[in-house]
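The structure appears right after this line, and notes come after that.
The values are calculated or read from the model by the stated rules, or taken from the named source; none is laboratory data. Note that this is a predicted model, so its numbers are computed, not measured. Counting neighbours? That spans all protein chains shown, and the Cβs are built from the backbone with ideal geometry, glycine included.
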Amino acid sequence: MQTRHPLEPLSLPEIELTVQVLKKQTDKITPTTRFVSITLHEAAKEKILNKSNENISREADVVLFDNGTNSCYEAHVSLENQGHLISLEHIPNVQPTMTVDEQVECEQAVLRSVEFQELIRKHYGIDDVNRVMVDIWSSGYYGQEEERTRRLARPLCFVRSDPTDNGYTHPIEGLRPVVDLNLMEVIRIEIYNHYPIPYMNFNYSADRIEKLRDDIRPLDIIQPEGPSFQVNGYQVSWQKWSFVVGFTMREGLVLHHLTYDNRSVLYRGALSEMVVPYGDPAEQQARKNAFDCGEYGVGCCTNSLELGCDCLGYIKYFDGNMCTSRGELLVIKNAVCLHEEDAGILWKHTDRRLNNPEVRRSRRLVISSIATIENYEYGFFWYLYQDGSIHYEVKMTGILSLGAVPPEQKSSYGSLIATQLFAPYHQHFFNVRLDLAIDGINNTAYMVEAEADPEDAEYNQFHNAFHINKTRLETEKQARNNLCLEKSRSWIFENNSARNAIDQPTAYKLYPGDNC
């Protein structure tokens, strides 16, 4: 019999019960109310770490939004004994995540706008509005009153040459609808400089590519005895590691209660936000500043993964359970992939005198998911290694968010990638929240830097001396800092109440990874 961990995601029956409780025990579920998210209300950390699982009840956190009143609510629901409402709070002056349903409805609202149809016909010669793609983009807040009081989107529009064409290479530059998502109608269309639509085709589907590579031979991943991991519900154990796979509509993949050799390391790890600012000051491009977790929901945009395409080898999948904005059950099949990979050499040494090489292969456990947020794909990968190290990687793929320029011109704020087509300069910032619990919750953070000793010091006659400085970080504000390659800056998290074999505090070190 499987023992359910209290941090496992909500099941479909639990989500269904949550919806029923809110419909029966509140007056806030109206025809204009949307369920923005329903996620597990996570138990107190102390209870989980103290392993008092039998006393932990199942509860849900809910975000509701009423398009009719422009009101946001947070609800807390108990799922014990047929369920009951614990609390319901109105959260004023905020806008929650745009739901997937709103993204679809926004496109429909733009396409049925008579004004929009007339403008694209007049300025771009587009007679068939059904060839137009409309990507929802949050309006953002730039100090205007309507941005504070209305639920607005400023979509970007593209046009397909045919029904299966890659429309992202044909941006409609110079025209941007403004949509009130509460009314679900276009309230105006902003007109900028009109540039001709770039109509060079760049299609990527295999059936539209003239010739594929034929000089690569099969590479098979075979595990004849099966994988080395064990799975119990959403609980995973592998090579001294154990953890719980979590999934939320906002964050997507979450790792809970990560332990190594039965010692706690990471209580919770997840992407907390992702912001993508664009550097072109032109009106059409300047408002492109996506907060992909908060505005669109990485979990809601997660792919259903496929064996042989997204993951290779012996795979265990986990589904992502959620609901539509109307409270209907929704399952993203195979939302999270779990598999093993060979990771090259873990350790090697050759005793040259004995000519006796010793080598150990490295294997890693991969926990991953992929989200499609309009034009971009983001792959989120957690890697666990046999030496106790943890790596986190985000792989970016998909299609760039493109703009148009006049013929024979370039942009000072982007790269020209084809005639009349440019990719605006932009950045991707990934904020990952790591709730560390190294041998317990009594952890202290330090910034670590290499520092050269004074050259004129009497002991430093060869001018080679350098040492390590550790700065204790007392507050979040103090901890804010940039990377510093010249000082090899890193961060250490210690538990001064736990000691290792040489009587030093047990710790993990955080190293910065690649940047984009």
Residue within segment 36-50 that is of a type in the set (D, E, K, R) and under 24 Å from residue 147 (Cβ atoms) present: no
The correct count of residues that are in a loop (DSSP other than H, G, I, E, B) and among the hydroxyl-bearing types (Ser, Thr, Tyr) in segment 276-324 is 3
Might you check whether a residue that is farther than 30 Å from residue 155 by Cα, of a type in the set (Ser, Thr, Tyr), out of contact with any helix residue (DSSP H, G or I) (no Cβ under 8 Å at 6 or more places or on another chain) and surrounded by 15 or more Cβ atoms within 10 Å (Cβ to Cβ) occurs anywhere in segment 392-412? yes
From the residues in segment 421-447 that are aliphatic (A, V, I, L, M) and touching a helix residue (DSSP H, G or I) at 6+ places or on another chain (Cβ under 9 Å), which one is farthest from residue 490 (Cα to Cα)? 421
For the structure I just gave you, tell me whether residue 422 is in contact (Cβ under 8 Å) with a residue 60 or more places away in the chain and either more than 30 Å from residue 504 (Cα to Cα) or assigned to a loop (DSSP other than H, G, I, E, B) (or both). no
Given (1) in contact with a His (Cβ under 8 Å, 6 or more places away or on another chain); (2) of a type outside the set (A, V, I, L, M, F, W, C); (3) surrounded by 21 or more Cβ atoms within 10 Å (Cβ to Cβ), number of the condition residue 383 does not satisfy: (3)
Which of the residues that make up segment 142-190 are assigned to a loop (DSSP other than H, G, I, E, B), among the β-branched types (Val, Ile, Thr) and closer than 29 Å to residue 325 by Cα? 164
Name the residues in segment 247-267 that are assigned to a loop (DSSP other than H, G, I, E, B) and more than 16 Å from residue 388 (Cα to Cα), would you? 249, 250, 251
Matching residues, segment 306-317, being out of contact with any Leu (no Cβ under 7 Å at 6 or more places or on another chain) and surrounded by 14 or more Cβ atoms within 10 Å (Cβ to Cβ): 307, 310, 312, 313, 314
Residue 136 passes all but one of (1) at pLDDT 95 or above; (2) surrounded by fewer than 17 Cβ atoms within 10 Å (Cβ to Cβ); which number fails? (2)
For segment 200-231 the number of residues that are surrounded by 13 or more Cβ atoms within 10 Å (Cβ to Cβ) and without any contact (Cβ under 8 Å) to a residue 40 or more places away in the chain is 1
Give the residues of segment 325-334 that are without any contact (Cβ under 8 Å) to a residue 12 or more places away in the chain and part of a loop (DSSP other than H, G, I, E, B), sorted by residue number. 328
Find the residue count for segment 497-514, including only residues that are surrounded by 12 or more Cβ atoms within 10 Å (Cβ to Cβ) and of a type outside the set (D, E, K, R). 8
If residue 459 passes every condition in (1) modelled with pLDDT of 95 or more; (2) part of a strand (DSSP E or B) but one, which one does it miss? (2)
Output the number of the condition that residue 439 fails; it satisfies all remaining conditions of (1) part of a loop (DSSP other than H, G, I, E, B); (2) at pLDDT 95 or above; (3) surrounded by fewer than 15 Cβ atoms within 10 Å (Cβ to Cβ). (3)
Are there any pairs, at least 6 apart or on different chains, whose C-beta atoms fall under 7 Å, with the first in segment 356-383 and under 16 Å from residue 313 (Cα atoms) and at pLDDT 95 or above and the second of a type in the set (Gly, Ala, Ser) and surrounded by 20 or more Cβ atoms within 10 Å (Cβ to Cβ), and if so, which? 369/252; 369/335
Going residue by residue through segment 461-468, is there one that turns out to be buried (at least 16 other Cβ atoms within 10 Å of the Cβ) and within 30 Å of residue 495 (Cβ to Cβ)? no
Within segment 208-230, identify whether any single residue is at pLDDT 95 or above, part of a strand (DSSP E or B) and at negative phi, and answer yes or no. yes
Could you list all residues from segment 247-265 that are without any contact (Cβ under 8 Å) to a residue 24 or more places away in the chain and in contact with a helix residue (DSSP H, G or I) (Cβ under 7 Å, 6 or more places away or on another chain)? none
Give all pairs with beta carbons closer than 7 Å in which a residue from segment 476-487 that is assigned to a loop (DSSP other than H, G, I, E, B) meets a residue that is modelled with pLDDT under 95 and surrounded by 12 or more Cβ atoms within 10 Å (Cβ to Cβ); count only pairs at least 6 apart in sequence or on separate chains. 483/512
Considering only segment 232-246, I want to know if a residue exists there that is in contact (Cβ under 8 Å) with a residue 24 or more places away in the chain, under 27 Å from residue 376 (Cβ atoms), touching a strand residue (DSSP E or B) at 6+ places or on another chain (Cβ under 6 Å) and assigned to a strand (DSSP E or B). yes
